[in-house]
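Please read the structure below before turning to the comments.
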Amino acid sequence: MATHPNLILAFLFFFLFHFLLISLTHAAGGKWLLLQQNIGISAMHMQLLHNDRVVLFDRTDFGKSNLSLPEGQCRNDPNDTALKVDCTAHSAEYDVLTNSFRPLMVQTDVWCSSGSVAQDGSLIQTGGFNDGERRVRIFQSCTGCDWKEYDNGLAARRWYATNHILPDGRQIIIGGRRQFNYEFYPKSESSSNVHSLPFLVQTNDPKVENNLYPFVFLNVDGNLFIFANNRAILFDYVKNVVVKTYPQIPGGEPRSYPSTGSAVLLPLKNLQAQFVEAEVLVCGGAPKGSYAMAVNATFVEALKTCGRIKITDPNPQWVVETMPQARVMGDMTLLPDGTVLIINGAAVGTAGWEFGRNPVLNPVIYQPDKAVGSRFQQQNPTTIPRMYHSAAVLLRDGRVLVGGSNPHIYYEFTNVLFPTELRLESFNPDYLDAMYVNLRPKIVAPQSQAKINYGQKLAVGFSVAGMVAPNLVSVTMLVPSFTTHSFSMNQRLLVLAAESVTNVAKSTYQVQVTTPGSGNLAPSGYYLLYVVHQQIPNKTGDNFLLMSRRFA
């Protein structure tokens, strides 16, 4: 029997419509994969480097870890509060490609410290506890390298501080416990001292603080957006003046440690415009008084709200949104498709030793470009609670590495609610599903580790197995973050608009973009480069590029 032509057209239209619908909205859910059953230490701090390896560490005063140092090495530290001689590691390097790890030697206590990656790719790690509080440690991204430590590299004690890379390549180190000031690294004659920041005094809750690990983002005008407790300022660190004071977040509840929400600078777009807009999203946390109540064994439900604010507006106002679940101690990770992953944490309690309850096992994807009320998309759950001292970082291939969780003073594996967690797993967002294999780009040019300049016309070559929709191609650049205590320092995503997309060979295309025009938009350093096609980013291929000031 012959088929009517209109039925064939209807079927093709139906198929095409649903194909595009699936490709543009994804299937929602994500997948979890256990990578390592036991890496020997708890991943309290994590940083991806441009050699595709992740440096992770916890603290030296946990006592013995489950990872031995090599060749009979031991850490001899007469100042250590737990173990003066320790032949186990408290830092490790995870090789993403081989799914293997090796122990590293960190000498002084890195507990609750901070860090940033310098332009040369080295991790500059600062502060900590006890004998580590003024240390600077450098980890170079080279085969077989280990930590190098420098005593008195900081002018002040830095414990629970925040670091951020500046347009000139230095990093600024802000706050910390009982430190209402900031300083710069590396030091020079003009930047050797600490500089007062009264905002940190104003946001300090007596006996609780609630202003530690402040959320810091470089604004597009070169000033710093600093959020602590329940409010924020725009700060000119050169002149040491507050440029703007933002309204208090609605409800007035604290969002900084130990109330411990999280925050992210949303993707920066329209980078060639005269005025580039910037927005910040702050999510979760714990109501005021939660910490004191947890000390007395009363655990309060965490916050369910997010506040979003356009920090570049002349009269900025917060817009409040509601997450599917209450969450404290969650991590917020920018994904290459421009969405935000909210992962880890608890629904009840606060940060601190054994002060969290009801682990939130389901991550959430936040889609910034959708309408208010339809931005959150709940994902499939993990089976591993990730409570206090957890971390998550984006990997080069689009997966999210998840580790850590130790709410105890030492390593505790039995007779506790949430045992010390030594497992390492990955969350694979649904854009990695096999169903998108024909949409997924593969970058073929430029080569990884290539140097790019500001304001440069850049031709990015990529291949796609299936049909390409030229108007649904973009390029994103992403700074890997230093993540600890629910905040991803230096995390930044820039969307480079496709100026043209051309077919240069069979299944091979070239997208023309212009790189960011200044260090205010994109501080110098290594960036992950992604081609995103119909919201599906490339999965394979080396895609680290070095954004740098113009070379001679």
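Which numbered condition trips up Lys370, out of (1) at negative phi; (2) crowded, with 17+ Cβ neighbours inside 10 Å; (3) of a type outside the set (Val, Ile, Thr)?
Result: Lys370 passes all but (2).
Can you name the condition, by its number, that Lys207 falls short on among (1) buried (at least 22 other Cβ atoms within 10 Å of the Cβ); (2) within 22 Å of Ser486 (Cα to Cα); (3) not hydroxyl-bearing (Ser, Thr, Tyr)?
Unmet for Lys207, out of (1) buried (at least 22 other Cβ atoms within 10 Å of the Cβ); (2) within 22 Å of Ser486 (Cα to Cα); (3) not hydroxyl-bearing (Ser, Thr, Tyr): (1).
Among the residues of the stretch 348-360, are any within 20 Å of the chain's Cα centre (by Cα), crowded, with 22+ Cβ neighbours inside 10 Å and of a type outside the set (A, V, I, L, M)?
So far as the stretch 348-360 goes, no, none of its residues is within 20 Å of the chain's Cα centre (by Cα), crowded, with 22+ Cβ neighbours inside 10 Å and of a type outside the set (A, V, I, L, M).
Out of the strands (runs of 3 or more DSSP E) lying entirely within the stretch 91-166, which hold 1 or more residues that are farther than 20 Å from Leu528 by Cα, over 23 Å from the mean Cα position of the chain (by Cα) and of a type in the set (Phe, Trp, Tyr)?
The strands (runs of 3 or more DSSP E) meeting that bar are 148-150.
Checking Val85 against (1) modelled with pLDDT of 95 or more; (2) more than 28 Å from the chain's Cα centre (by Cα); (3) under 23 Å from Cys112 (Cβ atoms); (4) open to solvent by 60 Å² or more (accessible area, probe 1.4 Å), which single condition isn't satisfied?
Status for Val85: all satisfied but (3).
Does Val501 satisfy the criteria of being open to solvent by 20 Å² or more (accessible area, probe 1.4 Å) and at pLDDT 95 or above?
So Val501 passes the test.
Which of the strands (runs of 3 or more DSSP E) contained wholly in the stretch 228-307 include at least 2 residues that are without any contact (Cβ under 8 Å) to a residue 60 or more places away in the chain, open to solvent by 20 Å² or more (accessible area, probe 1.4 Å) and out of contact with any Lys or Arg (no Cβ under 7 Å at 6 or more places or on another chain)?
231-236, 241-245
Filter the stretch 30-87 down to residues that are in contact (Cβ under 8 Å) with a residue 60 or more places away in the chain, closer than 20 Å to Phe129 by Cα and outside any loop (DSSP other than H, G, I, E, B), then give me how many there are.
Going through the stretch 30-87 one residue at a time, the tally reaches 8.
If you scan the stretch 443-495, which residues turn out to be among the basic types (Lys, Arg) and within 30 Å of Cys283 (Cα to Cα)?
The one that is among the basic types (Lys, Arg) and within 30 Å of Cys283 (Cα to Cα): Arg492.
Tell me, please, whether a residue that is loosely packed, with under 15 Cβ neighbours inside 10 Å and over 17 Å from Cys112 (Cα atoms) can be found in the stretch 38-49.
Taking every residue of the stretch 38-49 in turn, at least one turns out to be loosely packed, with under 15 Cβ neighbours inside 10 Å and over 17 Å from Cys112 (Cα atoms).
Filter the stretch 384-411 for residues that are surrounded by fewer than 24 Cβ atoms within 10 Å (Cβ to Cβ) and either small (Gly, Ala, Ser) or out of contact with any strand residue (DSSP E or B) (no Cβ under 7 Å at 6 or more places or on another chain) (or both) and give the result.
Asp397, Gly398, His408, Ile409, Tyr410, Tyr411 - these are the residues of the stretch 384-411 that are surrounded by fewer than 24 Cβ atoms within 10 Å (Cβ to Cβ) and either small (Gly, Ala, Ser) or out of contact with any strand residue (DSSP E or B) (no Cβ under 7 Å at 6 or more places or on another chain) (or both).
Filter the stretch 168-204 for residues that are acidic (Asp, Glu) and either open to solvent by 70 Å² or more (accessible area, probe 1.4 Å) or touching a Pro at 6+ places or on another chain (Cβ under 6 Å) (or both) and give the result.
Those that are acidic (Asp, Glu) and either open to solvent by 70 Å² or more (accessible area, probe 1.4 Å) or touching a Pro at 6+ places or on another chain (Cβ under 6 Å) (or both): Asp168, Glu189.
The values are calculated or read from the model by the stated rules, or taken from the named source; none is laboratory data. Not measured: the values here are computed from a predicted model. Ideal geometry is used to build each Cβ from the backbone, glycine not excepted, and the neighbour counts take in all protein chains shown. Each accessible area value is taken on the protein alone, full model and side chains, heavy atoms only, with ligands, DNA and RNA left out. Shrake-Rupley method; radii C 1.70, N 1.55, O 1.52, S 1.80 Å.
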